[in-house]
1. Name the residues in the stretch 348-370 that are among the aromatic types (Phe, Trp, Tyr) and assigned to a loop (DSSP other than H, G, I, E, B), would you?
2. Of all residues in the stretch 228-255, count the ones that are within 15 Å of ILE190 (Cβ to Cβ) and either more than 18 Å from the chain's Cα centre (by Cα) or aromatic (Phe, Trp, Tyr) (or both).
3. Mind checking whether some residue in the stretch 33-42 is touching a helix residue (DSSP H, G or I) at 6+ places or on another chain (Cβ under 8 Å), over 20 Å from ILE104 (Cα atoms) and modelled with pLDDT of 95 or more?
4. Tell me, please, whether a residue that is under 16 Å from GLU110 (Cβ atoms) and touching a strand residue (DSSP E or B) at 6+ places or on another chain (Cβ under 9 Å) can be found in the stretch 19-32.
5. List the helices (runs of 4 or more DSSP H) that sit entirely inside the stretch 276-347 and contain at least 1 residues that are among the basic types (Lys, Arg) and in contact (Cβ under 8 Å) with a residue 12 or more places away in the chain.
6. With respect to the numbered conditions (1) surrounded by fewer than 23 Cβ atoms within 10 Å (Cβ to Cβ); (2) at negative phi; (3) under 20 Å from the mean Cα position of the chain (by Cα), which one is the sole condition not fulfilled by ALA100?
7. Pull out all pairs, ordered by first then second residue, where Cβ-Cβ is under 7 Å, the residues are six or more apart or on different chains, the first lies in the stretch 222-249 and is open to solvent by less than 10 Å² (accessible area, probe 1.4 Å), and the second is among the polar types (S, T, N, Q).
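The values are calculated or read from the model by the stated rules, or taken from the named source; none is laboratory data. Model, not experiment: these values are computed from the prediction. Using ideal geometry, Cβ is built from the backbone for each residue, glycine included, and neighbour counts are taken over all protein chains shown. Protein only, heavy atoms only, side chains kept; ligands, DNA and RNA dropped before computing areas. Shrake-Rupley method; radii C 1.70, N 1.55, O 1.52, S 1.80 Å.
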Amino acid sequence: MVKHQRPEIKKAVLAYSGGLDTSIIIPWLKENYGCEVIAFAADVGQGEELDGLEEKAIATGASKCYIEDLRKPFVEEYIWPTLKASAVYEGKYLLGTSFARPLIAKRQIEIAIAEGADAVAHGCTGKGNDQVRFELTYKAFNPKLHVIAPWREWDIRSREDAINYAEARKIPIKASKDKIYSNDRNIWHISHEGGNLEDPWSQPKQDMFALTRSPKDAPDKPTEVEIEFRKGVPIGVNGTRMEAVPLVQLLNKLGGENGIGRADIVENRLVGMKSRGVYETPAGTILYAAHQELESLVLDRETLHFKEMISPKYAEMVYYGLWFTPLRRALDAFVDHTQQNVSGVVRMELYKGNCTVLGRKSPYSLYREELATFGEEDIYDQYDAKGFINLYGLPIKVRSLVELEWGKILDYDEPDYTIFKRD
């Protein structure tokens, strides 16, 4: 490994979670850079993980610890735009970790500027996606700050090494060599990696799950829930208007109780390798299903189909850390325009891991019974379909006539490659 000369750092702001990695980074920064360390923890809905965090940061060497509640902007400015875009990475991942990172990194930069720091630091590994998400955000807002990524510098090479480092310095940690999952939790989801999950053949252990019951243990009676949307944004549950944060919390509870939202994925990381992760996203699973059904009711065919083309691109950009880019903002402009009529109510049934749509309604519905019915109607003359089919099928008809009546073979024969011999 090539050793690079370390810059002289006086003060660094660390993105701090209190987990294994960032817990050992505070003393490591002081030992190796001799700098003042300010910890910053963003409350994005990780709950009790924040308990005692400030005391722990100070006890391990931080001069100060910021803890800020960012749940509301997280949901309204990051989750809702991604939901409106119907963005899902590789068909399964609802991007729970991906869009939390630009939010945290942006606020970290703001604190670094306010504190007069000359560096920012994070605890992301050199093999993961998060290092890219953090650092692209740093570049977007202040590329002059030094970036310290200890996992790319130190001799620690595994979580076992990190645990040994913490134990040697009497740093309290929750991770152990027996239970060594790497978790990331926020109001939208919790992710699980590492441990036995590193074998893609290995079944997740039930005691690992934190937000969802096993579908086998879910109630035998289904739960019905109605979700109201305005311009693509969820605004109410079961007839009650709700703010963003409590709405997601309620749907997490209802979904989790009914075993909704588990996803086991082998995904392609940005850095080039595949990784296996298990995600729990109860509220997200419900909201994505409801939003999709409402769009099917109010969007015209061409708009819906084109939006389905850009949704994977939007998801890819979020996953790759390209949140603060002109293209993502341009896609938002398109998405927001498509959402002008995505208002209405969707009724769902939650039952043993399944999220089923029971009904949907909207004042902007493009579904008209008088057009869809097989009975008599004045608007749609079925005889007109004959002319439509004749014109729509004209290229197919002409091709067939060329072959049948004029004896022309339109397809090329495959060359005989056996004539080429190897020396």
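1. Matches in the stretch 348-370: TYR364, TYR367.
2. Residues flagged as within 15 Å of ILE190 (Cβ to Cβ) and either more than 18 Å from the chain's Cα centre (by Cα) or aromatic (Phe, Trp, Tyr) (or both) within the stretch 228-255 amount to 1.
3. Yes, the stretch 33-42 has at least one match.
4. For the stretch 19-32, residues under 16 Å from GLU110 (Cβ atoms) and touching a strand residue (DSSP E or B) at 6+ places or on another chain (Cβ under 9 Å): absent.
5. Fully inside the stretch 276-347 and qualifying: 301-319, 326-338.
6. (1)
7. VAL225/ASN238; PHE229/SER343; GLY232/GLN339
Matching residues to (1) of a type in the set (A, V, I, L, M, F, W, C); (2) open to solvent by 20 Å² or more (accessible area, probe 1.4 Å); (3) modelled with pLDDT under 95:
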{"residue": "THR338", "(1), (2), (3)": "no, no, no"}
{"residue": "GLU349", "(1), (2), (3)": "no, yes, no"}
{"residue": "VAL357", "(1), (2), (3)": "yes, yes, no"}
{"residue": "LEU371", "(1), (2), (3)": "yes, yes, yes"}
